Amino acid sequence: MRLDFLPSFVKRKGRITKNQEENLKFLSDLSIKNLKQIREEASNFSYCCLEIGFGNAEHLKFQALKNSDILFIGSEVYMSGIGTLIGAIKKHNIDNIRIFPDDIRILLDDEGGNIFDAVKILCPDPWPKERHHKRRLINNYFLRLLHKSMKDKGNLYISTDWENYAESIKKLLNDSTCFVRSEKFFLKKEHFTKFEQRGLDDGRNIFEFNYQTID
């Protein structure tokens, strides 16, 4: 099926270390291909949480180590970040992380039903140039994809350090018939990620959005 979206990233191997290359040999052991497979694996855990674009995996690793009863699905397209995560999984013997190494919209378009208790998207690519805004991940189409994969009252958390992206996200969520603002967090973040800290260091603010699904 050809999905109706523009790429929200430029997929490239990029700079990668020898250790990351070695770690990637284990990717097939940790990767998932569809929502059905996630549902089967999630049956062994109390909750299931999806993190989209985990970057260098620091936040995902931290949460997984602290919450062994939660199955974490990490989605990332950059091989360096995936290699780093696999290294952390091996080092700390983490058994509650699975990886989807492709555009998350391919996975979410699957007919797997309501699986995720929470979805976290930390600092998605802002595509700052106005002519590129159409490539931003967060739009109405994407919110509908998310909604159909999440459980009732599932938690959606998004952060960005770009003010005009924050304004767009706020409007989309407030106008959405799929999500409503919530004061209840699923695993509230305890520290800034590398990318959030970079934004702060550059003089930008971190804008956070915490919502839950509605029927």
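The values are calculated or read from the model by the stated rules, or taken from the named source; none is laboratory data. Predicted model only: the values in this text are computed from it and were never measured. Virtual Cβ from ideal backbone geometry, glycine too; neighbours counted across all protein chains shown.
Here are the numbers for the structure shown:
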{"read-out": "All positions within the stretch 195-215 that are more than 27 Å from R144 (Cα to Cα), surrounded by fewer than 20 Cβ atoms within 10 Å (Cβ to Cβ) and under 19 Å from the mean Cα position of the chain (by Cα)", "value": "Q197, R198"}
{"read-out": "Verdict on E22 being under 18 Å from K91 (Cβ atoms), in a helix (DSSP H, G or I), out of contact with any His (no Cβ under 9 Å at 6 or more places or on another chain) and modelled with pLDDT of 95 or more", "value": "yes"}
{"read-out": "Test: residue in the stretch 181-194 that is part of a helix (DSSP H, G or I), farther than 22 Å from L35 by Cβ and either more than 14 Å from the chain's Cα centre (by Cα) or charged (D, E, K, R) (or both)", "value": "yes"}
{"read-out": "Test: residue in the stretch 151-169 that is at pLDDT below 95, loosely packed, with under 14 Cβ neighbours inside 10 Å and assigned to a loop (DSSP other than H, G, I, E, B)", "value": "no"}
{"read-out": "Qualifying residue in the stretch 79-102 (condition: acidic (D, E), outside any strand (DSSP E or B), within 27 Å of I214 (Cβ to Cβ) and over 16 Å from the mean Cα position of the chain (by Cα))", "value": "no"}
{"read-out": "Residue in the stretch 186-204 that is touching a Lys or Arg at 6+ places or on another chain (Cβ under 9 Å) and among the aliphatic types (A, V, I, L, M) present", "value": "yes"}
{"read-out": "The stretch 103-118, subset in a strand (DSSP E or B) and among the hydrophobic types (A, V, I, L, M, F, W, C), residue nearest to F54 (Cα to Cα)", "value": "A118"}
{"read-out": "Tally, over the stretch 41-59, of residues that are over 24 Å from I16 (Cβ atoms) and at pLDDT below 95", "value": "0"}
